[in-house]
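The values are calculated or read from the model by the stated rules, or taken from the named source; none is laboratory data. From a predicted model like this one, the values you see are computed outputs, not experimental measurements. No Cβ is skipped: glycine too gets one built from the backbone with ideal geometry, and neighbour counts run over all protein chains shown.
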Amino acid sequence: MTAFLPAPHVIATTGDPAAHGDDLRALGAHEVIAGPEEVGEPVHGVVDVVGGPQLVAAYDKLAAHGTLVSVGHVTGQPETFPFGALYGNEGRHNRSIVTFYLLDRPDIGTDLGWLAERVATGDLDPQITWRGGWNRAEEAVTALLDRRLHGKAVLDIG
């Protein structure tokens, strides 16, 4: 029955849409933009893994009854909402921010098993773009922090 329901319009954000837009569209994004500030119309849902000022900007784009799910905080920067950001006027009422912590789920093994199976069959690409031993961990961390690594870094044990 859900096949008849309208699919969501997915908007992805990245620091470099020209370099990463094709990859994000291949993952299902309809639009790729540099940040929430570029969103024209209010949105009904946001999944934020960045935190900081980007989370604040994304919250500002929520429509009435919209939900922002915070699942990460890669910036390490605080979220500072300007005066009036939490007002419910002008069609912005009943917006919410919720948090999600994967490791707090009691059935995490089932979920991880499902994901591992998708990776093993090739149905899901984990987007690994760097791989090396623990002796190269600093290299991977620096590349991630400098935003030179788009994707996942994997450190091999052994």
Scan of the range 122-142 for residues that are at pLDDT below 90 and surrounded by 11 or more Cβ atoms within 10 Å (Cβ to Cβ), ordered by number: Leu124, Asp125, Pro126
Selection within the range 21-37 - surrounded by fewer than 16 Cβ atoms within 10 Å (Cβ to Cβ) and either touching a strand residue (DSSP E or B) at 6+ places or on another chain (Cβ under 6 Å) or not aliphatic (A, V, I, L, M) (or both): Asp22, Arg25, Gly28, His30, Gly35, Glu37
Against the definition (surrounded by 11 or more Cβ atoms within 10 Å (Cβ to Cβ), in the same structural domain as Val50 (by TED's automatic domain parsing) and acidic (Asp, Glu)), how does Glu79 come out, yes or no? yes
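So is Val119 surrounded by 11 or more Cβ atoms within 10 Å (Cβ to Cβ), part of a strand (DSSP E or B) and among the β-branched types (Val, Ile, Thr) or not?
Values: surrounded by 11 or more Cβ atoms within 10 Å (Cβ to Cβ): yes; part of a strand (DSSP E or B): no; among the β-branched types (Val, Ile, Thr): yes.
No: the conditions fail for Val119.
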Inside the range 89-116, can you point out the residues that are part of a loop (DSSP other than H, G, I, E, B) and in contact with a helix residue (DSSP H, G or I) (Cβ under 9 Å, 6 or more places away or on another chain)? Arg92, Arg95, Arg105
Write out, first by first residue and then by second, each pair whose Cβ atoms fall under 7 Å of each other, whose residues are 6+ apart or on separate chains, and whose first residue, in the range 112-127, is within 17 Å of Asp23 (Cβ to Cβ) while the second is of a type in the set (Lys, Arg). Leu124/Arg118; Pro126/Lys152; Gln127/Lys152
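From the list Ala63, Ala58, pick out the single residue that is in contact with a strand residue (DSSP E or B) (Cβ under 8 Å, 6 or more places away or on another chain), of a type in the set (Gly, Ala, Ser), under 20 Å from Ala7 (Cα atoms) and outside any loop (DSSP other than H, G, I, E, B).
Details: Ala58 fails: under 20 Å from Ala7 (Cα atoms).
Matching residue, one of Ala63, Ala58: Ala63.
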